């Protein structure tokens, strides 16, 4: 009745016609859909495998909208539905190839506007690496020995437990795979955090380690940023303190971390 009087006040003699003009000739209201996925990431062993992500539309009475998927990974491919429209739920399936080398990999596909990250470990090796296709960086993935863990707990230096200056020199001296190796910046190091994992590092790494890891990001003359893979938190500590080290490598070009090292 209120709508009828409202439209009559603007000269509409037939409130039913006015309502159809408002909501469309079909007499239904267009309600946009929002699309979400149920799974932000998935881990695979070196053998590869398959996985399915569910796309859901909301609210329950929505009726307008569409979504699609995209990927450009050489080692993963969609195997079924990749798009949809309107209301409903859909399963987006994909497959991941096996790995035959000691190099894990990280990549991402886009499903319904959301990023879905893929983590895959390489075959077991004492001097492995992880390649992050999202950034183009290679990461050191070596075993952290009992001696190194003891040194860390006793605030001493051993192997990959080093003070800040030694950590930078250690990474710079690496020659693995003819890559340009440096101590990662705090931004680079934060890029391999996966808070749903324990320790909080991407599950593509075969040799995870909790505790503080040095970054190349200086916060003062005597302090620098470190990242705690126990919980993924960033902090700052004295450069004389021994922390764990996980170097980052890059093919060719000039690595920003190297510039930071040379300018000190």
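So here's what we get for this one:
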quantity	calculated
Residues that are loosely packed, with under 15 Cβ neighbours inside 10 Å and touching a strand residue (DSSP E or B) at 6+ places or on another chain (Cβ under 9 Å), drawn from region 144-173	145, 147, 150, 169, 173
Verdict on residue 29 being at pLDDT 50 or above and under 22 Å from residue 197 (Cα atoms)	no
Qualifying residue in region 218-241 (condition: over 18 Å from residue 105 (Cβ atoms), assigned to a loop (DSSP other than H, G, I, E, B), in contact with a helix residue (DSSP H, G or I) (Cβ under 6 Å, 6 or more places away or on another chain) and in contact (Cβ under 8 Å) with a residue 60 or more places away in the chain)	yes
Residue list for region 102-135, filter: over 13 Å from the mean Cα position of the chain (by Cα), buried (at least 21 other Cβ atoms within 10 Å of the Cβ) and under 21 Å from residue 78 (Cβ atoms)	111, 112
Matching residues in region 74-93 - criterion: being within 20 Å of residue 107 (Cβ to Cβ) and not in a loop (DSSP other than H, G, I, E, B)	76, 77, 78, 92, 93
Test for residue 41: is it more than 18 Å from residue 197 (Cβ to Cβ) and at pLDDT 95 or above	no
Any chance residue 82 is touching a strand residue (DSSP E or B) at 6+ places or on another chain (Cβ under 7 Å) and surrounded by fewer than 15 Cβ atoms within 10 Å (Cβ to Cβ)	no
From 223, 230, residue being more than 17 Å from residue 43 (Cβ to Cβ), in contact with a strand residue (DSSP E or B) (Cβ under 6 Å, 6 or more places away or on another chain), surrounded by fewer than 19 Cβ atoms within 10 Å (Cβ to Cβ) and at pLDDT 95 or above	223
Evaluation of residue 206 against (1) closer than 21 Å to residue 133 by Cα; (2) at pLDDT 95 or above (one fails), failing number	(2)
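The values are calculated or read from the model by the stated rules, or taken from the named source; none is laboratory data. Everything numeric here is computed off the predicted structure, so don't read it as measured data. For neighbour counting, all protein chains shown are included, and Cβ atoms are generated from backbone atoms with ideal geometry for every residue, glycine included.
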